[in-house]
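The values are calculated or read from the model by the stated rules, or taken from the named source; none is laboratory data. All values reported here derive from a predicted model rather than from experimental measurement. Note that each Cβ is placed from the backbone with ideal geometry, even for glycine, and that neighbours are counted across all protein chains shown. Accessible surface areas use protein heavy atoms only, side chains included; no ligands, DNA or RNA. Shrake-Rupley method; radii C 1.70, N 1.55, O 1.52, S 1.80 Å.
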Amino acid sequence: MNKKGRITKLLGGFYYVTAENGEVYETRARGIFRHQKRKPVVGDYVELLIDEGDRLNSVEEILHRKNSLLRPPVANVDQILLFIPTANPKYNLYLVDKMLAYYEQQNVRIVPVVSKWDLDPEKAEALRSIYEASGYHVMHLSEKDDESVTKLEAMLFEKTTVLSGVSGSGKTTFLNRVLNLDLETGTVSEKTNRGKHTTRHTEIFTGEKGMYLFDTPGFSSIEIDSIASADLDAHFREFAPFIQSCKFQDCRHVKEPGCAVRAAYERGDIAASRFENYLRFYDELVEKENGKWR
(Lines give C-alpha, C1' and ligand atoms only; values in the text may rest on other atoms or scores of the structure.)
Protein backbone atom coordinates (compact mmCIF):
# COMPACT_ATOMS: atom_id res chain seq x y z
CA MET A 1 0.00 0.00 0.00
CA ASN A 2 1.37 3.42 -0.94
CA LYS A 3 0.87 6.61 1.07
CA LYS A 4 2.20 10.16 0.96
CA GLY A 5 3.54 11.99 3.98
CA ARG A 6 6.31 14.17 5.41
CA ILE A 7 9.45 13.09 7.25
CA THR A 8 9.20 14.61 10.71
CA LYS A 9 12.13 12.93 12.46
CA LEU A 10 15.35 11.06 11.70
CA LEU A 11 16.72 8.99 14.55
CA GLY A 12 19.11 6.04 14.53
CA GLY A 13 18.79 5.54 10.78
CA PHE A 14 15.00 5.38 10.92
CA TYR A 15 12.78 7.95 9.24
CA TYR A 16 9.53 8.78 11.00
CA VAL A 17 6.94 9.86 8.46
CA THR A 18 3.63 11.54 9.27
CA ALA A 19 1.12 10.50 6.63
CA GLU A 20 -1.68 12.70 5.32
CA ASN A 21 -4.09 11.04 7.75
CA GLY A 22 -1.87 11.99 10.73
CA GLU A 23 -0.57 8.49 11.37
CA VAL A 24 3.19 8.15 11.98
CA TYR A 25 5.17 5.35 10.30
CA GLU A 26 8.67 4.14 11.14
CA THR A 27 10.53 3.60 7.87
CA ARG A 28 13.87 2.98 6.21
CA ALA A 29 15.03 4.62 2.98
CA ARG A 30 15.42 2.43 -0.11
CA GLY A 31 18.99 1.43 -0.96
CA ILE A 32 18.63 2.92 -4.43
CA PHE A 33 18.86 6.44 -2.94
CA ARG A 34 22.42 5.72 -1.85
CA HIS A 35 23.38 4.59 -5.38
CA GLN A 36 21.77 7.75 -6.80
CA LYS A 37 23.67 9.85 -4.23
CA ARG A 38 20.36 11.13 -2.88
CA LYS A 39 19.25 11.09 0.71
CA PRO A 40 15.88 11.85 2.31
CA VAL A 41 16.02 14.50 5.03
CA VAL A 42 13.64 15.80 7.65
CA GLY A 43 11.03 18.01 6.00
CA ASP A 44 10.91 16.01 2.78
CA TYR A 45 7.53 15.12 1.33
CA VAL A 46 7.77 11.46 0.37
CA GLU A 47 5.90 8.48 -0.98
CA LEU A 48 5.81 5.47 1.34
CA LEU A 49 5.37 1.78 0.79
CA ILE A 50 3.46 0.43 3.78
CA ASP A 51 4.29 -3.21 4.34
CA GLU A 52 1.34 -5.22 5.60
CA GLY A 53 3.55 -8.13 6.65
CA ASP A 54 6.62 -8.36 8.87
CA ARG A 55 8.96 -6.23 6.76
CA LEU A 56 9.73 -2.60 7.49
CA ASN A 57 7.92 0.25 5.74
CA SER A 58 10.08 2.12 3.24
CA VAL A 59 10.50 5.57 1.72
CA GLU A 60 10.01 4.87 -2.00
CA GLU A 61 10.33 8.33 -3.51
CA ILE A 62 11.35 11.85 -2.50
CA LEU A 63 8.83 14.33 -3.90
CA HIS A 64 9.72 17.78 -5.28
CA ARG A 65 11.74 19.95 -2.89
CA LYS A 66 11.26 23.70 -2.69
CA ASN A 67 14.72 23.99 -1.16
CA SER A 68 17.14 22.05 1.00
CA LEU A 69 19.78 23.02 3.53
CA LEU A 70 22.94 21.17 4.49
CA ARG A 71 23.36 22.87 7.85
CA PRO A 72 21.04 21.72 9.28
CA PRO A 73 20.05 18.95 6.80
CA VAL A 74 16.38 19.83 6.24
CA ALA A 75 14.08 20.49 3.28
CA ASN A 76 11.08 22.58 2.25
CA VAL A 77 11.78 25.49 4.59
CA ASP A 78 9.97 28.84 4.49
CA GLN A 79 12.15 30.77 6.92
CA ILE A 80 15.14 30.51 9.25
CA LEU A 81 15.32 32.14 12.65
CA LEU A 82 19.03 32.55 13.38
CA PHE A 83 19.45 32.95 17.14
CA ILE A 84 22.28 35.28 18.18
CA PRO A 85 22.77 35.11 21.96
CA THR A 86 23.72 38.38 23.64
CA ALA A 87 25.56 36.49 26.38
CA ASN A 88 25.90 33.08 27.99
CA PRO A 89 27.31 32.03 25.53
CA LYS A 90 28.61 35.25 24.02
CA TYR A 91 27.82 35.84 20.36
CA ASN A 92 30.39 34.99 17.68
CA LEU A 93 29.88 37.36 14.74
CA TYR A 94 32.38 35.50 12.55
CA LEU A 95 30.17 32.41 12.84
CA VAL A 96 26.92 34.37 12.55
CA ASP A 97 28.05 36.10 9.35
CA LYS A 98 29.21 32.79 7.88
CA MET A 99 25.80 31.28 8.57
CA LEU A 100 24.09 34.27 6.97
CA ALA A 101 26.29 33.98 3.87
CA TYR A 102 25.42 30.29 3.63
CA TYR A 103 21.69 30.88 4.06
CA GLU A 104 21.72 33.67 1.46
CA GLN A 105 22.28 30.95 -1.17
CA GLN A 106 18.91 29.39 -0.37
CA ASN A 107 15.38 30.29 -1.39
CA VAL A 108 14.40 31.10 2.18
CA ARG A 109 13.63 34.09 4.41
CA ILE A 110 16.31 34.80 7.04
CA VAL A 111 15.41 36.45 10.35
CA PRO A 112 18.20 37.15 12.88
CA VAL A 113 16.89 36.84 16.45
CA VAL A 114 18.92 38.58 19.16
CA SER A 115 18.22 36.27 22.09
CA LYS A 116 18.82 36.64 25.84
CA TRP A 117 18.27 40.37 25.36
CA ASP A 118 17.81 40.99 29.08
CA LEU A 119 21.34 39.76 29.93
CA ASP A 120 22.96 42.79 28.25
CA PRO A 121 20.45 45.19 26.64
CA GLU A 122 23.17 47.58 25.46
CA LYS A 123 25.06 44.86 23.58
CA ALA A 124 21.76 43.45 22.29
CA GLU A 125 20.77 46.81 20.84
CA ALA A 126 24.18 47.07 19.14
CA LEU A 127 23.68 43.64 17.56
CA ARG A 128 20.25 44.60 16.31
CA SER A 129 21.68 47.78 14.77
CA ILE A 130 24.38 45.85 12.89
CA TYR A 131 21.95 43.45 11.24
CA GLU A 132 19.15 45.92 10.59
CA ALA A 133 21.73 48.13 8.82
CA SER A 134 22.75 45.04 6.85
CA GLY A 135 19.24 44.70 5.44
CA TYR A 136 17.62 42.17 7.78
CA HIS A 137 14.38 42.35 9.71
CA VAL A 138 15.73 41.65 13.21
CA MET A 139 13.66 40.30 16.10
CA HIS A 140 14.61 40.26 19.77
CA LEU A 141 13.81 37.70 22.42
CA SER A 142 13.89 37.66 26.20
CA GLU A 143 12.43 35.06 28.55
CA LYS A 144 11.34 37.90 30.82
CA ASP A 145 9.51 39.74 28.03
CA ASP A 146 6.27 37.96 27.09
CA GLU A 147 5.64 40.42 24.28
CA SER A 148 8.91 39.47 22.52
CA VAL A 149 7.87 35.80 22.62
CA THR A 150 4.38 36.59 21.30
CA LYS A 151 5.71 38.69 18.41
CA LEU A 152 8.15 35.98 17.37
CA GLU A 153 5.50 33.29 17.69
CA ALA A 154 3.18 35.25 15.35
CA MET A 155 5.78 34.86 12.58
CA LEU A 156 5.50 31.08 12.73
CA PHE A 157 1.90 30.53 11.66
CA GLU A 158 1.40 28.74 8.31
CA LYS A 159 5.19 28.42 7.98
CA THR A 160 7.90 25.77 8.15
CA THR A 161 10.61 27.37 10.27
CA VAL A 162 14.15 26.31 11.16
CA LEU A 163 15.47 27.39 14.55
CA SER A 164 19.22 27.74 14.01
CA GLY A 165 22.11 28.95 16.13
CA VAL A 166 24.84 27.87 18.52
CA SER A 167 24.10 25.55 21.43
CA GLY A 168 22.73 27.47 24.39
CA SER A 169 21.36 30.33 22.27
CA GLY A 170 17.77 29.80 23.42
CA LYS A 171 16.26 27.81 20.54
CA THR A 172 14.89 24.94 22.60
CA THR A 173 13.72 27.23 25.41
CA PHE A 174 11.68 29.16 22.85
CA LEU A 175 10.33 25.95 21.33
CA ASN A 176 9.29 24.65 24.75
CA ARG A 177 7.45 27.86 25.53
CA VAL A 178 5.65 28.20 22.20
CA LEU A 179 4.58 24.55 21.94
CA ASN A 180 4.30 23.80 25.67
CA LEU A 181 6.94 21.07 25.49
CA ASP A 182 9.52 19.91 28.01
CA LEU A 183 12.59 19.28 25.90
CA GLU A 184 16.03 19.37 27.54
CA THR A 185 17.61 22.80 27.12
CA GLY A 186 21.27 23.63 26.69
CA THR A 187 23.58 24.67 29.49
CA VAL A 188 26.73 26.71 29.10
CA SER A 189 30.16 25.50 30.13
CA GLU A 190 31.75 27.83 32.67
CA LYS A 191 35.19 26.90 31.34
CA THR A 192 34.62 27.55 27.62
CA ASN A 193 31.50 29.76 27.70
CA ARG A 194 30.09 27.53 24.96
CA GLY A 195 26.73 25.88 24.91
CA LYS A 196 26.58 22.14 25.49
CA HIS A 197 24.71 20.19 22.83
CA THR A 198 21.34 18.85 23.98
CA THR A 199 19.46 18.42 20.69
CA ARG A 200 21.11 15.44 18.98
CA HIS A 201 18.79 14.93 16.06
CA THR A 202 16.62 16.99 13.75
CA GLU A 203 12.88 16.85 14.27
CA ILE A 204 9.80 18.79 13.17
CA PHE A 205 7.34 19.81 15.85
CA THR A 206 3.86 20.94 14.88
CA GLY A 207 1.80 23.68 16.49
CA GLU A 208 -1.43 25.51 15.91
CA LYS A 209 -2.31 27.44 12.75
CA GLY A 210 -0.10 25.41 10.42
CA MET A 211 3.10 25.86 12.44
CA TYR A 212 6.00 23.52 11.68
CA LEU A 213 9.19 24.03 13.68
CA PHE A 214 12.56 22.35 13.23
CA ASP A 215 14.61 22.04 16.40
CA THR A 216 18.16 21.39 15.24
CA PRO A 217 21.49 20.57 16.89
CA GLY A 218 23.52 23.68 17.71
CA PHE A 219 26.47 24.39 15.42
CA SER A 220 29.98 25.46 16.33
CA SER A 221 31.44 25.81 12.82
CA ILE A 222 30.34 26.08 9.20
CA GLU A 223 32.06 25.94 5.82
CA ILE A 224 30.90 28.00 2.82
CA ASP A 225 32.94 26.22 0.13
CA SER A 226 29.86 26.12 -2.10
CA ILE A 227 30.27 29.90 -2.61
CA ALA A 228 32.87 31.00 -5.17
CA SER A 229 35.13 33.79 -3.91
CA ALA A 230 34.10 35.89 -6.92
CA ASP A 231 30.44 35.61 -5.86
CA LEU A 232 30.87 36.19 -2.13
CA ASP A 233 29.88 39.86 -2.28
CA ALA A 234 26.40 38.87 -3.49
CA HIS A 235 25.88 37.11 -0.14
CA PHE A 236 26.30 40.37 1.81
CA ARG A 237 23.07 42.15 1.01
CA GLU A 238 24.22 45.56 2.31
CA PHE A 239 26.89 45.64 -0.43
CA ALA A 240 24.26 45.72 -3.18
CA PRO A 241 23.63 49.52 -3.25
CA PHE A 242 27.35 50.20 -3.75
CA ILE A 243 28.65 47.42 -6.01
CA GLN A 244 27.55 49.07 -9.26
CA SER A 245 29.56 52.18 -8.35
CA CYS A 246 32.87 50.34 -8.07
CA LYS A 247 35.43 51.52 -10.64
CA PHE A 248 36.05 47.97 -11.89
CA GLN A 249 33.26 45.58 -12.82
CA ASP A 250 35.12 42.62 -11.30
CA CYS A 251 36.00 44.48 -8.08
CA ARG A 252 36.44 42.12 -5.14
CA HIS A 253 36.43 44.98 -2.58
CA VAL A 254 39.80 44.04 -1.15
CA LYS A 255 42.51 46.48 -2.36
CA GLU A 256 41.16 47.69 -5.70
CA PRO A 257 41.19 51.46 -6.34
CA GLY A 258 37.83 53.14 -6.71
CA CYS A 259 36.00 50.52 -4.65
CA ALA A 260 32.62 51.93 -3.59
CA VAL A 261 32.01 49.12 -1.10
CA ARG A 262 35.22 49.84 0.80
CA ALA A 263 34.41 53.56 0.69
CA ALA A 264 30.99 52.82 2.22
CA TYR A 265 32.68 50.82 4.99
CA GLU A 266 35.13 53.67 5.66
CA ARG A 267 32.20 56.13 5.89
CA GLY A 268 30.45 53.86 8.37
CA ASP A 269 27.64 52.89 5.96
CA ILE A 270 28.64 49.23 6.26
CA ALA A 271 29.25 47.75 9.72
CA ALA A 272 32.94 47.15 10.46
CA SER A 273 32.35 43.60 11.70
CA ARG A 274 30.49 42.70 8.50
CA PHE A 275 33.12 44.10 6.10
CA GLU A 276 36.02 42.63 8.07
CA ASN A 277 34.34 39.21 8.13
CA TYR A 278 33.76 39.48 4.38
CA LEU A 279 37.52 39.97 3.91
CA ARG A 280 38.28 36.96 6.12
CA PHE A 281 35.83 34.75 4.22
CA TYR A 282 37.18 35.97 0.87
CA ASP A 283 40.76 35.10 1.85
CA GLU A 284 39.66 31.66 3.11
CA LEU A 285 37.79 30.89 -0.12
CA VAL A 286 40.66 32.07 -2.35
CA GLU A 287 43.12 29.94 -0.38
CA LYS A 288 40.93 26.85 -0.77
CA GLU A 289 40.32 27.53 -4.45
CA ASN A 290 44.08 27.88 -5.08
CA GLY A 291 44.67 24.65 -3.17
CA LYS A 292 42.41 22.72 -5.56
CA TRP A 293 44.70 23.46 -8.49
CA ARG A 294 48.01 22.52 -6.90
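Worth a mention:
- Across K90/K209; K116/K151; K151/K209; K39/K66, pairs whose alpha-carbon gap is larger than 22 Å: K90/K209
- Computed in the context of the full set of protein chains, the accessible area of segment 224-279 at 1.4 Å probe radius has 49% of its extent on carbon or sulfur.
- Heavy-atom accessible surface of segment 1-146: percent carbon and sulfur, 1.4 Å: 48 percent
- Across G218, G168, G207, mean-square fluctuation computed from a Gaussian network of the chain (C-alpha pairs under 10 Å connected) peaks at G207.
- For the pair K90 and E143, a Förster radius of 22 Å applied to the C-beta separation gives a FRET efficiency near 0.80, rounded to the nearest 0.05.
- The Cα-based radius of gyration and maximum Cα-Cα distance (Dmax) for the chain are 21.1, 72 Å.
- Dipole in debye (nearest 20) - segment 1-86, about Cα centre, beta carbon charges: Lys, Arg +1; Asp, Glu -1: 520 debye
- Net lengthening on full extension, A234/N290 (0.36 nm per residue, minus Cα-Cα): 18.1 nm
- Three-way shape call for segment 230-294 based on the alpha-carbon gyration tensor, with the a/c threshold at 1.5: prolate
- Across segment 221-247, the residues whose backbone nitrogen lies under 17 Å from the label position 7 Å along the beta-carbon direction of K37 are 225-227.
- For the chain, built as a Gaussian network whose Cα springs stay under 10 Å, the top-fluctuating residue of R252, R34, R109: R34
- Leading residue at positive end of dipole, the chain (Cβ point charges), from Q249, P217, V286: V286
- Between segment 21-36 and segment 1-20, the alpha-carbon centres lie 7 Å apart.
- What the chain shows is 52 Å² of accessible area per residue, with the surface traced by a 1.4 Å probe over protein heavy atoms.
- Hull volume in cubic angstrom per residue (convex hull over the Cα atoms of segment 46-121): 143 Å³
- By the Cβ rule of 4.7 Å, the chain holds the following cysteines without a possible disulfide partner: C259.
- Over all distinct Cα-Cα pairs of segment 1-148, the Kirkwood formula returns a hydrodynamic radius of 17.7 Å.
- Between the residues A133, Y265, M155, the greatest Cα displacement towards the positive end of the dipole of the chain, with unit charges on the Cβ of Lys, Arg, Asp and Glu, is found for Y265.
- About the Cα centre, charge dipole magnitude for the chain (Lys/Arg +1, Asp/Glu -1 at Cβ), debye: 780 debye
- Straight Cα distances below 18 angstrom link K159 to the aspartates and glutamates E20, D44, D78, E203, E208, D215, with same-chain residues fewer than 8 positions distant left out.
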